[in-house]
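**Student:** Starting off with a structure, shown below.
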Amino acid sequence: MIELKNVAVLQRAVDSISSFISEGNFRFNDNGISLKAVDPSQIVLVNFFIAKSAFEKYKVEPTFAGVDLQELNKIMSRALPNDKLLMQLNDSELNIKLEGDLSRSFSLPLIDVTEDEVRIPETRFDASVDINARILKEALKDASLFGSSVILKAKDSQLLIEARGSAGTLHTIAKQPKHVTVKGNTEVVSKYSLNFLHNIVKDAGNDVKVSMQLKSDSPMKLSYKIGPACLEFHLAHMIL
């Protein structure tokens with residue numbers, strides 16, 4: 001049995017993951033719950049973890065459970081702010097109970113998903129950027145006015161965000177130490193899908209720090225927290 005009082009933590013994490021991953025294995029062990037998966041287009045890799053200590057109750061045998069994440073997201077989206085989440089696994093189902101003003105029970109059949117755990121790439125990045133999630137979201141909204149891709153440049157302690165299209169061009173500079181910190185001695189330039197990047201950060205709280213690890217013409221690593229849950233994404237680059 002697993003019990004979580006702050007249902008919004010898992011609700012938002014599942015919403016973020018299911019934007020890319022339709023099915024995957026949740027792995028349960030003595031440390032907590034994790035999921036690693038690559039989307040069908042192999043553009044984004046998701047690495048999720050929530051520690052055992054985040055739960056009010058956590059008693060489960062080490063195992064993994066194949067789940068339809070889009071169906072799970074539908075269930076989690078029905079959680080009310082004051083609901084308590086209860087989860088229990090058996091051989092064929094994931095049983096979910098939402099306890100609050102209403103008591104609701106859902107059963108989600110387990111599915112067969114390839115058992116091999118995804119390997120996380122080891123990359124030596126040239127720049128690291130910590131940026132306020134609200135600032136990043138606003139910059140991406142600006143970029144969407146002109147294009148479907150975005151160019152990120154880390155240079156001289158600044159993050160430059162550019163978008164180009166037939167309708168116009170955007171140049172944004174994020175340089176305020178209060179909102180962004182850029183580290184690295186090498187100028188980095190790389191291009192990414194705007195839609196994928198937007199979906200990656202949409203569930204990040206506005207006051208949360210988003211960390212991006214960058215290398216020119218290379219995939220980026222982007223991570224942030226939803227409460228005690230850690231979300232990490234590896235996003236493939238586009239050709240400049």
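**Student:** In the stretch 101-154, how many residues are over 19 Å from the mean Cα position of the chain (by Cα) and among the acidic types (Asp, Glu)?
**Tutor:** 6
**Student:** Give the stretch 150-169 a look and list any residue that's buried (at least 16 other Cβ atoms within 10 Å of the Cβ) and either under 16 Å from Leu240 (Cβ atoms) or among the β-branched types (Val, Ile, Thr) (or both), or say none.
**Tutor:** Hits for the stretch 150-169 are Val150, Ile151, Leu152, Lys153, Ala154, Leu160, Ile161, Glu162, Ala163.
**Student:** Does Gly66 satisfy the criteria of being buried (at least 16 other Cβ atoms within 10 Å of the Cβ) and either outside the structural domain of Met220 (by TED's automatic domain parsing) or of a type in the set (Lys, Arg) (or both)?
**Tutor:** Against the criterion (buried (at least 16 other Cβ atoms within 10 Å of the Cβ) and either outside the structural domain of Met220 (by TED's automatic domain parsing) or of a type in the set (Lys, Arg) (or both)), Gly66 qualifies.
**Student:** Here's another thing I want to ask about it. So which residues in the stretch 4-42 are part of a loop (DSSP other than H, G, I, E, B), closer than 17 Å to Phe196 by Cβ and in contact (Cβ under 8 Å) with a residue 40 or more places away in the chain, if there are any at all? Please lay out each step first, then the result.
**Tutor:** Taking the stretch 4-42 first, the residues part of a loop (DSSP other than H, G, I, E, B) are 5-6, 19-22, 29-31, 39-42.
Within this subset, residues satisfying the condition of being closer than 17 Å to Phe196 by Cβ are 19-22, 39-42.
Within the stretch 4-42, Ser19, Phe20, Ile21, Ser22, Gln42 meet the criteria.
**Student:** Also, I was wondering about something else. Tally time: how many residues in the stretch 146-173 are within 21 Å of Lys215 (Cα to Cα), touching a helix residue (DSSP H, G or I) at 6+ places or on another chain (Cβ under 6 Å) and touching a residue at least 24 places away in the same chain (Cβ under 8 Å)?
**Tutor:** Number satisfying all stated conditions: 5.
**Student:** Of the residues Leu98, Leu86, Leu72, only one is within 20 Å of the chain's Cα centre (by Cα) and buried (at least 16 other Cβ atoms within 10 Å of the Cβ); which?
**Tutor:** Just one listed residue meets the conditions, Leu72.
**Student:** When you check Asn206 against the structure, is it assigned to a loop (DSSP other than H, G, I, E, B), more than 16 Å from the chain's Cα centre (by Cα) and within 17 Å of Asp130 (Cα to Cα), yes or no?
**Tutor:** No: the conditions fail for Asn206.
**Student:** Can I ask one more? Quick check: is even one residue across the stretch 91-109 aromatic (Phe, Trp, Tyr) and in a loop (DSSP other than H, G, I, E, B)?
**Tutor:** no
**Student:** So Ile96 clears everything in (1) at pLDDT 95 or above; (2) out of contact with any Lys or Arg (no Cβ under 9 Å at 6 or more places or on another chain); (3) within 21 Å of Arg27 (Cβ to Cβ) except one condition, right? Which one?
**Tutor:** So Ile96 meets the others, but not (2).
The values are calculated or read from the model by the stated rules, or taken from the named source; none is laboratory data. Just so we're clear, the structure is a prediction, and the values are computed from it rather than from any experiment. Virtual Cβ from ideal backbone geometry, glycine too; neighbours counted across all protein chains shown.
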